[in-house]
Structures are given as C-alpha cells and as structure tokens.
1. If I ask for residues that are among the aliphatic types (A, V, I, L, M) and closer than 30 Å to VAL95 by Cβ, which ones from region 154-207 would you list?
2. Search region 118-146 for residues being within 16 Å of THR256 (Cβ to Cβ) and among the β-branched types (Val, Ile, Thr), and hand back the single one that is modelled with the lowest pLDDT.
3. Among residues belonging to region 169-187 that are surrounded by 17 or more Cβ atoms within 10 Å (Cβ to Cβ), β-branched (Val, Ile, Thr) and modelled with pLDDT of 90 or more, point out the one that is nearest to the chain's Cα centre (by Cα).
4. For region 74-89, state whether one or more residues are touching a helix residue (DSSP H, G or I) at 6+ places or on another chain (Cβ under 9 Å), over 16 Å from PRO41 (Cβ atoms) and surrounded by fewer than 16 Cβ atoms within 10 Å (Cβ to Cβ).
5. So VAL166 ticks every box in (1) at pLDDT below 85; (2) under 24 Å from LEU50 (Cβ atoms); (3) surrounded by fewer than 17 Cβ atoms within 10 Å (Cβ to Cβ) but one. Which box is left unticked?
6. For region 151-177, how many residues are without any contact (Cβ under 8 Å) to a residue 24 or more places away in the chain and of a type outside the set (Ser, Thr, Tyr)?
7. Based on this model, can you work out whether VAL215 counts as under 15 Å from LEU132 (Cβ atoms), surrounded by 16 or more Cβ atoms within 10 Å (Cβ to Cβ) and not assigned by TED's automatic domain parsing to the domain that holds SER52?
8. Collect the residues in region 141-158 that are surrounded by 19 or more Cβ atoms within 10 Å (Cβ to Cβ) and part of a strand (DSSP E or B), keeping them in residue-number order.
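The values are calculated or read from the model by the stated rules, or taken from the named source; none is laboratory data. The structure displayed is predicted, hence computed values, not measured ones. In this analysis, Cβ positions are derived from the backbone assuming ideal geometry, glycine residues included, and neighbour counts consider all displayed protein chains.
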Amino acid sequence: MRANGGGDELTGAAPTRRGEGNGPQALKLTRMPVDRNSPQPLHAQVAAVLRSEIRDHEMPPGATLPSEATLRDRFGVARSVVRQALAALVTEGLVRREQGRAPVVASPQEHRRLVQRATGLFEQFSRSGLALRTRVVHLVPASPPPQVAEYLGTTDTMRLERLRSVGSEPVAYVRTWLPSARVRGLTEELLTDASLHHVLETTLGIRPVSGRRQVRAVPADARLAEALALPEGAPLLLLEGGGADQLGRPLEWFATWHRADRVAFEVELSEQNEQLRLTPAPDLLPIEPSAVPPSSPALGRARDLVDRLRDELDSLAGGGTDAR
C-alpha cells in the first residue's frame with residue numbers, strides 16, 4: 001500500500017466479492033484523519049465512516065475490507081483503534097469476521113415480522129433473539145385525524161412516535177395514537193428500549209389482544225428517509241391498523257413504516273383461519289408523513305409483492321384447492 005503523490009489518497013487492491021473471479025481493481029481511499037478534538041471516541045469516528053460506506057454500497061456485500069494497516073494510515077490512528085471500530089461493525093452485523101480470514105462486508109440481514117399477530121415489533125424481534133432498540137421521538141398531546149378520533153372515540157389523544165433500530169441500523173418508524181385518559185403516567189423513560197404493549201400491561205394493566213392490520217407499499221418522504229437512513233422515495237412497507245384491549249375497547253391506532261430492504265412480512269395461513277385477509281387499503285387515513293409516490297422500480301416491486309400476497313390470501317379464504 002503506498003500513498004499517492006498528492007498525499008490525499010491511498011491506492012491499493014479493491015475489495016472484491018468472493019467467487020466472482022475478477023482480479024482486484026484499483027481502489028482509492030480518501031485520507032480522513034479523525035477529529036481529535038471531538039468528544040466522539042476515535043474508534044466511533046472510524047466506525048461511522050466505514051458504516052456509511054457500507055450502507056452506501058461503496059463497499060458492497062461480500063467485499064473484503066481494507067487491511068488494518070491501510071485503515072490505520074487512512075484515519076491516522078493506532079491499529080488498536082481500527083480493531084475497536086471493526087469489532088463494533090461486527091457486533092452490528094455489518095461486517096463478518098472468520099478465523100484466519102480478512103473481515104468482509106456482511107450481506108444485509110432481513111428481519112421477519114408476522115403480520116397477523118397482536119404482539120408488536122419489539123416482542124417479535126426479542127423472540128428471534130434480536131435486541132431491538134427504541135428511541136422515543138415524540139410523546140405529546142395532539143389532536144388525531146378524524147378517522148383516528150372516530151376509532152378511538154375521543155379527540156383527547158397522545159401521539160407517540162418512535163424509531164426502532166437493530167444495533168445502530170434503523171429498521172422501522174412508528175406513530176401510535178392513544179387515548180390520553182387511559183395512558184396517564186406513560187413517559188419517554190418507560191418507553192425507551194421497551195415494548196409499548198409490555199409497558200401498558202405491566203404499568204397500567206391494559207393488555208392489547210386484538211385488532212386489524214393493513215399492509216401497503218409507500219415511498220419514503222424526506223422526513224422518513226432521514227429517520228430511516230434511506231434515500232427519499234425508497235420503498236417502505238407500511239403496516240397500520242387499530243388495536244383493542246382485553247375487554248374489546250379501542251386502545252391504539254398505529255402506523256409503522258418498515259425498511260423494505262430489512263424487514264419481510266410473514267403470514268401464517270390455515271384452512272381454519274378464513275377471516276385472515278389482506279384487502280386493498282381504503283382511504284382510511286392520510287399517510288403521514290405524506291409524499292407523492294415517485295416512479296421507482298424498487299417501489300413497484302414492493303407493491304407487486306403486496307399484490308401477490310393479497311391474491312394468495314384471497315384464494316385461501318375462498319377455499320381454493322390450489323393454495324393448500
């Protein structure tokens with residue numbers, strides 16, 4: 001590895017996918033000395049740059065990372081700092097390290113969610129052995145849209161907005177409307193890195209047990225794109241609906257925007273469960289944040305997947321033998 005004459009770039013072998021058979025190509029890594037006056041630890045600064053390059057596919061899945069010596073020279077830090085940064089990326093699932101081999105960029109991990117379960121995202125991820133982080137963005141009194149007010153039977157509501165992440169990677173943004181009179185005592189502290197349903201049950205004695213769900217493919221507007229670390233217009237899977245408590249009383253209305261490249265919806269089907277249907281989404285609620293759907297091949301593919309799932313469910317509900 002040698003420095004170019006200008007001193008601003010390092011030149012060496014490009015990371016390549018295993019099994020592609022192509023020889024290494026020239027790779028230029030811009031020197032990025034860390035900010036030693038920043039309160040952010042040096043290894044965190046290094047990890048942040050590498051994380052961004054992985055997510056932007058400058059280093060695609062399967063690519064071998066530059067050597068520790070190269071990264072040391074690039075960032076102007078000790079090799080121990082580089083190792084800390086790489087360890088953090090391994091923990092986040094962005095980098096895969098095997099004994100005796102150089103670390104490589106891991107393939108994106110796809111998380112799965114059962115659509116028809118009353119349990120929330122937190123519980124489902126926990127059962128899969130994944131630690132879902134939750135940051136409360138807003139918990140404020142707010143007037144709901146008319147359709148939400150009609151469902152909950154009140155205009156005195158709380159608007160709860162949360163960002164859900166696995167490691168440092170955001171996977172979903174959630175907006176929930178709750179009747180203020182029934183959730184007094186609910187705080188941001190209680191909901192941080194916690195399940196709303198678990199908090200409602202253990203703190204207030206309210207147990208969400210039933211509800212209806214709708215799935216649709218939507219584009220990310222500027223606000224959602226920023227929150228979920230995606231380009232504007234990227235496809236999202238929106239799961240929305242209402243939930244009731246153990247006495248059948250309306251308890252919540254929620255909308256959850258999932259990253260379509262990280263979360264897959266699963267539906268368990270049986271001949272005995274013919275009420276399970278994925279119906280065309282009516283104009284129940286304005287999608288908030290709103291966006292005019294751009295023309296996007298990725299968004300079209302996401303909508304096609306939803307349409308195929310809807311057709312399969314309709315066939316099963318109608319008793320079709322082909323779907324058994």
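1. Of everything in region 154-207, those that are among the aliphatic types (A, V, I, L, M) and closer than 30 Å to VAL95 by Cβ turn out to be LEU163, VAL166, VAL171, ALA172, VAL174, ALA194.
2. Filtering first and then ranking leaves THR119.
3. The qualifying residue nearest to the chain's Cα centre (by Cα) is VAL174.
4. no
5. (3) is the only condition that VAL166 fails.
6. Qualifying residue count for the region: 1.
7. Numbers: under 15 Å from LEU132 (Cβ atoms): no; surrounded by 16 or more Cβ atoms within 10 Å (Cβ to Cβ): yes; not assigned by TED's automatic domain parsing to the domain that holds SER52: yes.
Considered against the rule, which asks whether it is under 15 Å from LEU132 (Cβ atoms), surrounded by 16 or more Cβ atoms within 10 Å (Cβ to Cβ) and not assigned by TED's automatic domain parsing to the domain that holds SER52, VAL215 comes out as no.
8. THR157, MET158
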